[in-house]
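Asks: Here you go, one structure.
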Amino acid sequence: MRTQILLPLFLALSLAGCSKSSSDASAPSKGTEDVTLLNVSYDPTRELYADFNAAFAKQWEAKHGQKVTIKQSHGGSGKQARAVIDGLDADVVTLALAYDVDMLHDKAQLIPQNWQTRLLDNSAPYTSTIVFVVRKGNPKGIKDWEDLVKEGVSVITPNPKTSGGARWNYLAAWGYALRKQGGSEATAQAFIEKLFRNVPVLDSGARGSTTTFAERGLGDVLIAWENEAFLLTKEVGKDKFEIVVPSVSILAEPPVTVVDKNVDKRGTRAVAEAYLQYLYSDEGQELAAKHYYRPRSQAVAAKHAALFPKVSLFTIADVFGGWKKAQAAHFDDGGVFDRIYVPQAR
Amino acid sequence: MAVSSRRRVLPGFRLSLGFSWFYLGLLVLLPLSGLFLRTFTLTWAQFWETVTSARALAAYQLTFGASLAAALANVVFGLLVAWVLVRYRFPGRDLVEALVDLPFALPTAVAGLTLTTLFSANGWYGRHLEALGLKVAYTSLGVAVALTFIGLPFVVRTVQPVLEDIDVDVEEAAATLGATPWQTFARVLFPGILPALLSGFTLAFARALGEYGSVVFISGNMPLRTEIVPLLIITKLEQYDYAGATAIAVVMLTASFLLLLAVNLLHRWSHRRLEARSGH
């Protein structure tokens with residue numbers, strides 16, 4: 001069950017050839033020799049990291065006199081993690097959920113098990129939360145989670161089996177139902193079942209759902225990450241959509257880590273670690289806020305308080321005991337999500 | 001088509017055969033055997049449970065059913081398009097020629113998005129179809145539509161050269177011998193193009209079985225209803241369940257292989273029948 005070498009053997013061979021030559025070229029990273037980093041990330045961070053990479057490169061060159069080029073790779077979080085497991089030479093990964101990063105340890109021992117404790121705030125330098133997007137004027141009067149399970153309300157959310165982002169949506173709904181007055185595992189499950197009865201389409205990814213909601217006109221409410229909701233309301237569909245912030249939601253923590261095996265092999269550890277540290281700096285936090293992620297820094301967050309309304313947030317550790325447990329109970333085959341659709345699934 | 005084995009163009013039968021085996025082995029057999037090996041990490045019971053779960057069964061049904069429907073639709077309409085392109089000269093013919101190839105070139109995700117836009121409730125087609133009570137986007141019908149779209153060029157491009165080879169004289173001769181237009185088609189033209197039509201069908205069908213990119217947009221991915229097999233494989237991979245994903249893939253592969261083999265045998269049979277007839 002180690003790296004997946006057999007399947008794309010042909011590709012793997014040629015990749016191995018490439019990576020060898022590229023690591024030779026950039027091996028010693030001291031002095032003024034140029035250095036490149038590869039940041040393997042998930043889809044919606046494209047614009048954030050485009051800005052951040054430029055800012056970091058400038059700062060690093062000013063401080064160390066070394067030119068650093070950061071290459072970006074974006075895709076679905078799970079797919080990106082599998083690419084790294086299968087040998088993509090990522091120096092750092094910045095993914096949507098800790099479960100995908102955990103797998104870099106479990107499947108390929110690329111990072112230590114305690115990776116998430118190495119940086120502040122669970123290694124998540126910026127956060128987000130799950131909110132609702134409704135059509136202008138909120139014709140269905142959506143205010144909170146409870147409104148999503150009403151009859152005649154159509155809800156758009158991607159398939160949590162294929163989309164890492166969608167798993168946060170699902171867990172936010174579950175946490176709401178569990179923590180409300182009189183909530184229990186059973187009521188939470190009933191709530192989730194009712195919610196998904198109102199979902200007509202399960203797109204494979206978050207951007208797919210956004211398209212379904214915004215372009216196809218399907219659904220009364222879109223469950224989305226706050227940063228995606230801002231993008232939709234402020235930049236794509238001005239005056240067509242509104243954000244509704246529920247009373248309770250989940251603290252979405254997209255984590256970052258250095259990929260130890262790769263940076264040690266390529267000799268890029270120092271710069272890779274500095275790169276991630278810089279996400280916590282004032283400039284990094286400002287850029288996160290600019291791209292609608294909630295900054296961790298109190299000072300920066302205070303400056304943008306008007307943008308991010310106060311929500312009662314719970315974490316995945318609080319309610320689910322971490323990602324691995326949540327994944328196994330809810331999203332693996334035969335889990336709660338499957339049982340919504342296949343009543344007697346094993 | 002049938003190059004006699006006595007008149008060889010390539011040097012050295014053994015060398016070229018050896019190379020063919022090596023090439024196929026490296027590109028097809030080796031990766032595929034890796035696929036089979038991966039499933040051996042499962043016990044037989046686990047394998048069986050994975051590949052016969054309710055969702056998997058529903059997905060096989062949809063994938064094979066929609067692929068078959070799409071390939072058959074393409075056989076009929078692809079033949080028509082090929083016929084028009086070969087037999088008629090009309091303004092804009094070059095444009096149509098180029099259009100036929102478009103589904104080849106278009107990234108499948110773009111095709112999926114475009115089709116979904118057209119067929120969704122507020123789209124150009126969907127608006128009218130929905131008024132008639134016909135839902136296409138996010139149903140299995142939508143899956144078939146996407147698969148028809150991507151399969152069209154295969155039938156047109158395999159039938160076209162064969163049609164070009166059939167002289168109009170043949171049709172005229174049949175007519176002078178008293179054949180009705182239908183008889184001319186059914187007994188003179190059709191047997192000639194049947195092998196090519198079968199090839200086109202096979203290609204379109206095989207392409208449809210593996211299609212992912214365009215379908216996931218229009219299908220809606222509802223468990224038990226509009227989940228295609230490739231999506232099921234992706235959901236397994238999202239759980240890092242490589243063995244489960246390959247188990248489904250192996251079933252898919254075996255079924256596809258058997259089907260393609262059957263079509264190829266049919267192909268050979270119809271070809272032989274054709275040669276026997278033209279031998280008279």
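The values are calculated or read from the model by the stated rules, or taken from the named source; none is laboratory data. All of these numbers come straight from a predicted model, not from anything done at the bench. Counting neighbours? That spans all protein chains shown, and the Cβs are built from the backbone with ideal geometry, glycine included.
Asks: Would it be correct to say that residue A:319 is over 25 Å from residue A:173 (Cα atoms), of a type in the set (Val, Ile, Thr) and either touching a strand residue (DSSP E or B) at 6+ places or on another chain (Cβ under 9 Å) or outside the structural domain of residue A:45 (by TED's automatic domain parsing) (or both)?
Replies: It is false that residue A:319 is over 25 Å from residue A:173 (Cα atoms), of a type in the set (Val, Ile, Thr) and either touching a strand residue (DSSP E or B) at 6+ places or on another chain (Cβ under 9 Å) or outside the structural domain of residue A:45 (by TED's automatic domain parsing) (or both).
Asks: Do you know which residues across segment A:66-84 are part of a helix (DSSP H, G or I) and touching a strand residue (DSSP E or B) at 6+ places or on another chain (Cβ under 9 Å)? Reasoning before the result, please.
Replies: Restricting attention to segment A:66-84, the residues satisfying the condition of being part of a helix (DSSP H, G or I) are A:77-84.
A:77, A:80, A:81, A:83, A:84 - these are the residues of segment A:66-84 that are part of a helix (DSSP H, G or I) and touching a strand residue (DSSP E or B) at 6+ places or on another chain (Cβ under 9 Å).
Asks: Considering (1) over 25 Å from the mean Cα position of the chain (by Cα); (2) under 28 Å from residue B:224 (Cα atoms); (3) surrounded by 17 or more Cβ atoms within 10 Å (Cβ to Cβ), say which one residue B:133 fails and leave the rest.
Replies: (3)
Asks: Return yes or no: is residue B:254 surrounded by fewer than 18 Cβ atoms within 10 Å (Cβ to Cβ) and either without any contact (Cβ under 8 Å) to a residue 60 or more places away in the chain or part of a helix (DSSP H, G or I) (or both)? Write out each step before concluding.
Replies: Details: surrounded by fewer than 18 Cβ atoms within 10 Å (Cβ to Cβ): yes; either without any contact (Cβ under 8 Å) to a residue 60 or more places away in the chain or part of a helix (DSSP H, G or I) (or both): yes.
Yes: the conditions hold for residue B:254.
Asks: Of all residues in segment B:145-196, count the ones that are among the hydrophobic types (A, V, I, L, M, F, W, C) and either surrounded by fewer than 17 Cβ atoms within 10 Å (Cβ to Cβ) or free of Cβ contacts under 8 Å to residues at least 60 places away in the same chain (or both).
Replies: So the count comes out to 16.
Asks: Follow-up question, since we're still on this one. From the residues in segment B:92-130 that are closer than 20 Å to residue B:78 by Cα and outside any helix (DSSP H, G or I), which one is nearest to the chain's Cα centre (by Cα)?
Replies: The qualifying residue nearest to the chain's Cα centre (by Cα) is B:106.
Asks: Would you pick out the residues in segment B:1-46 that are at pLDDT 85 or above, of a type in the set (A, V, I, L, M) and under 27 Å from the mean Cα position of the chain (by Cα)?
Replies: B:24, B:26, B:27, B:28, B:29, B:30, B:32
Asks: How many of the residues in segment B:32-57 are within 9 Å of chain A (Cβ to nearest Cβ), surrounded by fewer than 16 Cβ atoms within 10 Å (Cβ to Cβ) and either in a helix (DSSP H, G or I) or of a type in the set (Lys, Arg) (or both)?
Replies: The total comes to 2.
Asks: Sticking with this structure for a sec: From the list B:116, B:108, which one is under 19 Å from residue B:214 (Cβ atoms), more than 12 Å from chain A (Cβ to nearest Cβ) and touching a Phe, Trp or Tyr at 6+ places or on another chain (Cβ under 9 Å)?
Replies: Of the residues listed, the single one that is under 19 Å from residue B:214 (Cβ atoms), more than 12 Å from chain A (Cβ to nearest Cβ) and touching a Phe, Trp or Tyr at 6+ places or on another chain (Cβ under 9 Å) is B:108.
Matching residues to (1) within 11 Å of another protein chain (Cβ to nearest Cβ); (2) not in a loop (DSSP other than H, G, I, E, B); (3) not β-branched (Val, Ile, Thr):
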site: B:188; (1), (2), (3): no, yes, no
site: B:191; (1), (2), (3): no, yes, yes
site: B:206; (1), (2), (3): no, yes, yes
site: B:235; (1), (2), (3): yes, yes, no
site: B:246; (1), (2), (3): yes, yes, no
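Asks: Still on this structure, please answer the following. For segment A:56-65, what are the residues that are in a helix (DSSP H, G or I) and either surrounded by fewer than 16 Cβ atoms within 10 Å (Cβ to Cβ) or in the same structural domain as residue A:165 (by TED's automatic domain parsing) (or both)?
Replies: Selection gives A:58, A:61, A:62, A:63.
Asks: Enumerate the helices (runs of 4 or more DSSP H) found wholly within segment A:202-321, keeping only those where 3 or more residues are more than 14 Å from every other protein chain (Cβ to nearest Cβ).
Replies: It comes to A:226-230, A:260-266, A:269-279, A:282-290, A:298-303, A:316-320.
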